[in-house]
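Structure, as structure tokens:
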Amino acid sequence: MQKLTKDNVHPKIVQALLGADSNITIEDALENEMILNMGPQHPATHGVLRLLLRLDGETVIACVPELGYLHRGYEKMAENMSYLEFIPHTDRLDYISPPANNVAYALAVEKLAGIIAPPRAQYIRMLLAELARMCSHLVAIGALAMDVGALTVFLWGLREREKILDFFDVICGARFTTSYTRIGGVASDVTSDTMRNIITFINQFEEKIDEMERLLNGNRIFVERLEGVGVISKDDAIDIGFTGPNLRASGVAFDLRRATPYLFYNEMDFKIPVYTEGDCLARYFVRADELRESAKIIRQVIDKMPNGEVMLNSPKKVLPRKTEIYTKMEELIHDFMIVNFGINPPVGEVYHAVENPKGELGFYIVSKGEGHPWKMKIRSPSFANIQAIPHLVKGQMISDVVAIVGSIDPIMGEADK
Amino acid sequence: MGLESKLTNDGFFTTTIDALASWARENSVWPMPMGISCCAIEMMAVGDPKYDIARFGSEVMRFTPRQCDLMIVAGTVTYKMAHVVKKIFDQMPEPKWVIAMGACTSSGGMYRSYNVVQGIDQFLPVDVYAAGCPPRPENLLNALMQIQEKIGKTRVKDFPDAQQSGFDTKPTDLSLSKN
Amino acid sequence: MKELLKEKLAKQFTTVQFEFIEQFDELTLKLDKSAILNVCAFLKDDEGLKFNLCEDVTAIDWATRKKRFTVVYHIFSMENKFRLCLKVDLDDSECSIESVSSIWKAANWAERETYDMYGITFLNHPDLRRMYMPEDFEYHPLRKEFPLMGIPGSVPLPKK
């Protein structure tokens, strides 16, 4: 066998790589760049996100994300089904915190139809939205830690999340995709037993967050892997369309619960955590702090919960109660009309946005007066957040790409719609 | 596989070796989580401390197809993603099984639209369908137990030698009527 | 805030026709497609208005009207906490409009998605490709003539 000396190694590598029939000529194979496909099936991309990376050794020069692997055609389907039938579909948008999407959609349709849910229903919606925020942040922190290498935090986060999912089970009937809100209220009431159990859960929850933070904040590997990685400045963050915890980690104190208050958030006392560094560590800190703030809000909501009914009594727009449908005539007719022909809101359009755990979720509904919308556009936060990835990974190493994607926390179900 | 197939042509050794091989296979099914959307979260929940899947032998959820026997397709499969799923399935070595988790993979689910494949059995051979949207973790564990039962009924000579068939991944007929 | 907006716009753009619609506590501004780039630059840079967050760019297909498409922009001013909706009507035969991605980077992907779903071209867009559907897909799904179940054979499926 021919001995390989230092002089003829390079040409031999080139030869072997190109094969016999090729019309590419390279001067030095080891000085060129490489295109790497972090494909849709990958343990570290959160869902089916395809990243095409152009690498120079281990440094990323450019990145092109490709979406569409989970495009289910939500907007086209919404044009063919009534407003009430679309509620289960909104669950599957940001599928880590389904009740939050339900609340967002119900608020948008109620704004269009011109009805306001009773106060108790609004408090219950706030309660669910904050529990959903806790679910989402637990998974986000857990997944970020798992991607970086700390597997225990993921399992602890999921353990706490299971307790929250038990509450969803009792309140909404399903542990995961809840479809709990209705146009005009919520589907069923919350008993005082459940609320007492939620308070017990919150009381032991604060220590669990402290435990998780103790594991991560003092861990040199975690901190060094995330500090200074993926920095985005304040102006760039607003320009590129960031909203939610990602924006607050860059120094912008913007939260839709304070800027355009909805439900009863203007009566709740909570802080908005803001960090100015704009790197991955700051995004993690914002999420951990928001967990504590959500626990505070839940305590206040349960304290102030008013008594009353949970569905509005407006027969042309809101489904009547089941007990009355089975016994009275008008309610039966209204139920039939609403389920088959839909609530018919007035002609017009509305854009309503709420503060989802990932950012700003907005529904833009155009109605022509019929039972189904003429157009429904879902402004999903993850779509805008993923747009920033090419900007953030420029100049970083491949392993930083994983940390950056984890800290941005995209969910492909809503990015691809 | 060569020695086993010579030993299990007929005779006393057949049932013993078969039982041993299928006992080993069914108690260490390593799943390949093809987690696409919401069902993937329930699959993560099956791995968490409450509904432990490790006690069924599926301790490692390897994300590389070369080391797995069971592919759990969890989530809506769109036309663009179908090519990826098929590619990964082709890379798994025999013997392999598929669980279609959730309504979206079984029949398109609640998405009757232009971009969703109405059921993955249009391009993959499915062994067990788990119903639900998403199926509760206990439901997925039930599906896993049914796969274990199915493996328990297989015989060693059902799986052709990989070298003979090349990369022909036509699924072997594991129907019960052959037994 | 609404009065301030109307005055400033009227003062700055004397030649452009504006149409204000108010519904459900929201303000919508309809204008002509030739003025869109200047108006957006003014809305972003003016000290009193500062619409710095572009939330969404989308389009509506009216199907039977003469001006078939309407391109809709949702912009938000964080300082004044005010949301504005801009609308531009487009004809079917010349459905192209200037891209605002030079003013707000957030509009980049939203315009790509609108191009994919409706077929509206955005002039001077840095990277106009399809967003969700594969590159060789021939139709635009959200147009009203595209059926919900799709056109059989338009996207290939792997063999069993």
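Every read-out reported here was derived from the displayed coordinates using simple, explicitly stated rules and does not represent laboratory data. From a predicted model like this one, the values you see are computed outputs, not experimental measurements. So basically every Cβ, Gly included, is an ideal-geometry build from the backbone, and we count neighbours across all protein chains shown.
Which of A:334, A:391 comes first, and how do the rest follow, when ranked by fewest Cβ neighbours within 10 Å?
Sorted ascending by nearby Cβ count, the order is A:391, A:334.
Kirkwood-based Rg over Rh for segment B:95-138 (C-alpha set), two decimals?
That ratio equals 1.00.
Along each of its three principal axes, how wide is the spread of alpha-carbon positions in segment A:183-295, in whole angstrom units, largest first?
Computed over the Cα atoms, the extents are 47, 34, 23 Å.
Comparing A:191, A:243, A:59, which has the greatest mean-square fluctuation in the GNM of chain A with Cα pairs linked when under 10 Å apart?
Highest fluctuation among the options: A:191.
Within a 10 angstrom radius of the beta carbon, how do C:85, C:95 rank from fewest other beta carbons to most?
With the sparsest Cβ surroundings first, the list reads C:95, C:85.
Please report the spacing between the Cα centers of segment A:335-358 and segment C:114-160 in Å, no decimals.
Here the answer is 27 Å between Cα centres.
Run the simple label-point estimate for residue A:264 and residue C:157 please: 7 Å along Cα→C-beta, distance reported in nm.
Simple spin-label model gives 5.1 nm for this pair.
Using 0.36 nm times the number of residues separating residue A:336 and residue A:61, minus their current alpha carbon distance, what extension gain do you get? Walk me through the numbers on the way to the answer.
Details: separation 275, 0.36 × 275 = 99.00 nm, distance 5.93 nm.
Value of the extension gain: 93.1 nm.
Post the alpha-carbon centroid distance, segment A:76-120 to segment C:22-51, in whole angstrom.
Segment A:76-120 and segment C:22-51 have Cα centres separated by 29 Å.
Let me know the volume per residue of the alpha-carbon convex hull for segment B:44-89, in Å³.
Looking at segment B:44-89, the number lands at 78 Å³ per residue.
What do you get for the angle between helix C:2-12 and the principal long axis of chain C? Use alpha-carbon atoms, 0 to 90 degrees, nearest ten.
Tilt of helix C:2-12: around 90 degrees.
Within a 10 angstrom radius of each residue's Cβ in C:53-63, how many Cβ atoms of other chains show up on average? Whole number is fine.
6
When all alpha-carbon pairs of segment A:236-301 are counted, what percent fall beyond 17 Å?
Result for the distance tail: 42 percent.
Give me the distance between the Cα centres of segment B:38-59 and segment A:257-280, rounded to whole Å.
34 Å
Within 10 Å of each Cβ of B:37-50, how many other protein chain Cβ atoms are there on average?
Values: counts 11, 11, 2, 6, 12, 4, 0, 6, 6, 0, 3, 9, 5, 7.
The per-residue average across the peptide is 6.
Per residue of chain A, what 222 nm ellipticity follows from adding -39500 (n - 2.57) for every DSSP H run with n ≥ 4, rounded to the nearest 500?
Computed ellipticity for chain A at 222 nm equals -15000 deg cm²/dmol.
If you take every residue apart from residue C:49 with its C-beta less than 13 Å away from the C-beta of residue C:49, what net charge results, scoring Lys and Arg +1 and Asp and Glu -1?
Local charge sum for residue C:49: +2.
Can you pull the mean other chain C-beta count within 10 Å for peptide C:106-116?
4
Taking all pairs of distinct Cα atoms, average 1/r, flip it, and tell me the Kirkwood hydrodynamic radius of chain C in Å to one decimal place.
Kirkwood hydrodynamic radius for chain C: 17.0 Å.
Among the aspartates and glutamates, select those whose C-alpha is under 15 Å from the C-alpha of residue A:208, and discard any that sit fewer than 8 residues away in the same chain.
Within the straight-line cut-off, residue A:208 pairs with A:160, A:162, A:289, A:290, A:293.
Expressed as a fraction of 2.2 N^0.38 Å, the rule-of-thumb size for a compact globular protein of N residues, what is the C-alpha radius of gyration of segment B:30-149?
My calculation over the Cα atoms of segment B:30-149 gives 0.97.
At 7 Å along the Cα-to-beta-carbon direction for both residue C:30 and residue C:1, put a label point, then send me their distance in nm to one decimal.
The answer from the label model is 2.4 nm.
For residue C:159, give me every one of the lysines with a C-alpha distance below 22 angstrom, ignoring sequence neighbours fewer than eight places off in its own chain.
Leaving aside lysines fewer than 8 places away in the same chain, those within reach of residue C:159 are B:80, B:86, B:87, B:96, B:170.
Taking the Cα centre as origin and putting +1 on Lys and Arg beta-carbons and -1 on Asp and Glu beta-carbons, what dipole magnitude results for segment A:152-196, to the nearest 20 debye?
Details: 6 positive and 6 negative charges, 22 e Å.
Dipole about the Cα centre, nearest 20: 100 debye.
Please find the FRET efficiency linking residue C:66 to residue B:24, where r is the Cβ-Cβ separation and R0 is fixed at 41 Å, and quote it to the nearest 0.05.
So, using R0 = 41 Å, E works out to roughly 0.05.
Express the C-alpha Rg of chain A as a ratio against the empirical globular expectation 2.2 N^0.38 Å, rounded to two decimals.
Values: Rg = 25.0 Å, N = 417, 2.2 N^0.38 = 21.8 Å.
Rg over 2.2 N^0.38 Å, computed on Cα atoms: 1.15.
Please report Rg over Rh for the protein assembly as shown, where both radii come from the alpha carbon positions and Rh follows the Kirkwood definition.
Here Rg/Rh amounts to 0.99.
Using R₀ = 25 Å, calculate the FRET efficiency as 1/(1 + (r/R₀)^6) where r is the Cβ-Cβ separation of residue C:121 and residue C:45; round to 0.05.
0.45
Identify which of A:246, A:197, A:313 has the largest mean-square fluctuation in a Gaussian network model of chain A, with springs joining Cα atoms closer than 10 Å.
A:197
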